[in-house]
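*Asks:* Mind having a look at this structure? Questions to follow.
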Amino acid sequence: VTLCLRGSKLQKVEAKKAAAEKAVSFVTDGMLVGLGTGSTSAFAIRALGERVKAGLRIRALASSVASEALAAESGIPLVPAEKMDTTDLYIDGADEIDRSRNLIKGGGGALLREKILAFHSRSFIVIADESKLVDHLGAFPLPVEIVPFGSALTLKELILLGCEAGIRQKDGKPFITDNGNLIADCRFGSISDPEGLNRALLSIPGVVECGLFLHPMVGRVIVGHRDGRVTEPS
Ligand code: A5P
């Protein structure tokens, strides 16, 4: 059983890597590239670093402190935050992807910076292994970034929208985002109207952003499979 589990984990890693490498093959000289956050994005950052070492000339913007550190370690030239501009290509993972290319993101807690970079990109490629494809969004708890001030009241409002919600914890303490905020993980079960929910969430004072990345934000979805193939679901 242990060997089997280890094997399937390895295959998942290969699937993520295959999707990441395919997306990185679209990066060309002179591009400003947005770097996502999470384990799949980490493969993309490392693959991009390899291409930079081989002579590719690009600059990059990172969606989290962790991705910034990985990019620097991988030799990718980074643009300082105050010189931020629209990226030519943004590459990032997702927690769930539906058939209309709507996403849930933020499992890693970086959804705010990710959404800013995704919004201000000329092209957004989502990379994932096949386990992220779903018929309906919502089985994965929707991450919502909220400010600490009044967070108990904000949480009550979130629950009134029909979910079970809790403040994300890490090592026995509330998880704090790179922006100094909290994450409320909201279990809606199945989200039938993502646009309506996005609007309702953003109308609550104290909500900074939510992890719904909705069509037409996403340009392409590249899915890696356990046998190493990559496909683009239509
Ligand atoms: C980070 O905040 C998230 O949006 C990630 O993109 C998402 O959680 C996917 O992460 P993995 O690639 O690690 O599954």
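The values are calculated or read from the model by the stated rules, or taken from the named source; none is laboratory data. Keep in mind that this is a model prediction, so the values were computed, not measured. Cβ: placed from backbone, ideal geometry, glycine included. Neighbour counts: every protein chain shown.
*Asks:* Which condition number does residue 37 fail, the rest of (1) within 12 Å of the ligand (Cβ to nearest atom); (2) in contact with an Asp or Glu (Cβ under 7 Å, 6 or more places away or on another chain); (3) assigned to a helix (DSSP H, G or I) being met?
*Replies:* Status for residue 37: all satisfied but (3).
*Asks:* Of all the strands (runs of 3 or more DSSP E) wholly in region 140-234, which have at least 2 residues that are closer than 22 Å to residue 36 by Cβ?
*Replies:* 142-146, 182-187, 207-210, 220-224
*Asks:* Among the residues of region 113-166, what is the count of those that are of a type in the set (A, V, I, L, M) and either modelled with pLDDT under 95 or over 19 Å from the mean Cα position of the chain (by Cα) (or both)? Walk me through it before giving the result.
*Replies:* Keep residues of region 113-166 that are of a type in the set (A, V, I, L, M), which gives 116-118, 125-128, 133-134, 137, 139, 142, 144, 146-147, 152-153, 155, 158-161, 165.
Adding the requirement that they be either modelled with pLDDT under 95 or over 19 Å from the mean Cα position of the chain (by Cα) (or both) leaves 147, 152-153, 155, 158-161, 165.
Final tally of qualifying residues: 9.
*Asks:* Starting from residues that are out of contact with any Lys or Arg (no Cβ under 8 Å at 6 or more places or on another chain) and within 16 Å of the ligand (Cβ to nearest atom), keep the ones in region 143-154 and report whichever is nearest to residue 198 (Cα to Cα).
*Replies:* Filtering region 143-154 for residues that are out of contact with any Lys or Arg (no Cβ under 8 Å at 6 or more places or on another chain) and within 16 Å of the ligand (Cβ to nearest atom), the one nearest to residue 198 (Cα to Cα) comes out as 144.
*Asks:* Filter region 106-139 down to residues that are near the ligand (Cβ under 8 Å from one of its atoms), under 23 Å from residue 25 (Cα atoms) and not in a strand (DSSP E or B), then give me how many there are.
*Replies:* Of the residues in that region, 2 qualify.
*Asks:* Find the residue count for region 161-191, including only residues that are under 13 Å from residue 104 (Cα atoms) and surrounded by 15 or more Cβ atoms within 10 Å (Cβ to Cβ).
*Replies:* Total satisfying the criteria: 4.
*Asks:* For residues that are more than 20 Å from residue 83 (Cβ to Cβ) and either part of a helix (DSSP H, G or I) or not hydroxyl-bearing (Ser, Thr, Tyr) (or both), scanning just region 24-34, find the one that is nearest to the ligand (Cβ to nearest atom).
*Replies:* Among those that are more than 20 Å from residue 83 (Cβ to Cβ) and either part of a helix (DSSP H, G or I) or not hydroxyl-bearing (Ser, Thr, Tyr) (or both), it is 24.
*Asks:* Which members of region 65-97 meet the condition of being assigned to a loop (DSSP other than H, G, I, E, B) and surrounded by fewer than 22 Cβ atoms within 10 Å (Cβ to Cβ)?
*Replies:* Those that are assigned to a loop (DSSP other than H, G, I, E, B) and surrounded by fewer than 22 Cβ atoms within 10 Å (Cβ to Cβ): 74, 75, 77, 79, 80, 84, 85, 86, 88.
*Asks:* Follow-up. Can you pull out the residues in region 192-215 that are surrounded by fewer than 17 Cβ atoms within 10 Å (Cβ to Cβ), of a type outside the set (Asp, Glu) and free of Cβ contacts under 8 Å to residues at least 40 places away in the same chain?
*Replies:* 196, 199, 202, 203
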